[in-house]
Amino acid sequence: MPSLMSNLRSTIETLASQFASSVLEALRSASIDELVNVAGSSSSSSAGGGAVRRGPGRPRAAAAAAAVEADGGAPRSRRGRGGRLGRRSAGDISRMIELIVGALQKAGEGLRAEQIRETLGVEAKELPRPLAEAISSGRITKSGQKRATTYYAGGSGGAAAPKRRGRKPAAAKKKR
């Protein structure tokens, strides 16, 4: 019986080796187009004849290729792992700054970050860097703190910004 098992095992190993060699030879002799067609047809047939299935988190080709919304809105950034923004170029940041300044000028009065985000149709993660660069370059100004921060176009923040409220200086207090 042991010789029959070793004979069966060697026959199976030989057949498997020949099969693998034949498959590799077929793949090597095929063109790239043939490989893509075969891979596409087998994936779509197993998915019920629909589109080629993607793994989780993989962007659609159309969405990944579109850098700007069709209506001329804010540039769309690709997402990396964990929902992080992809690295944006200096051009992407400057386009976002232009959109922010335009929205602030159109509004006339100041806008909070939430309002800017709604106006431009972008996510909260996309705003901090363009806002900081626009402030440091003097394109916009701000007043307030945290969620009450209001942004203004150009140097109009001083005129349109509400006056700061707080304690009176010690010298201005009346003595009783």
Checklist entry - Does at least one position in region 74-94 carry a residue that is part of a helix (DSSP H, G or I), modelled with pLDDT of 80 or more, of a type outside the set (A, V, I, L, M, F, W, C) and over 14 Å from the mean Cα position of the chain (by Cα)? => result yes
Next on the checklist: For region 102-138, which positions are surrounded by fewer than 18 Cβ atoms within 10 Å (Cβ to Cβ) and more than 26 Å from Arg84 (Cβ to Cβ)?
Outcome noted: Gly102, Gln105, Lys106, Ala107, Gly108, Glu109, Gly138
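The values are calculated or read from the model by the stated rules, or taken from the named source; none is laboratory data. Everything quoted here is computed from the prediction, not taken from an experiment. Please note: Cβ atoms are built from the backbone with ideal geometry, for glycine as well, and neighbour counts cover all protein chains shown.
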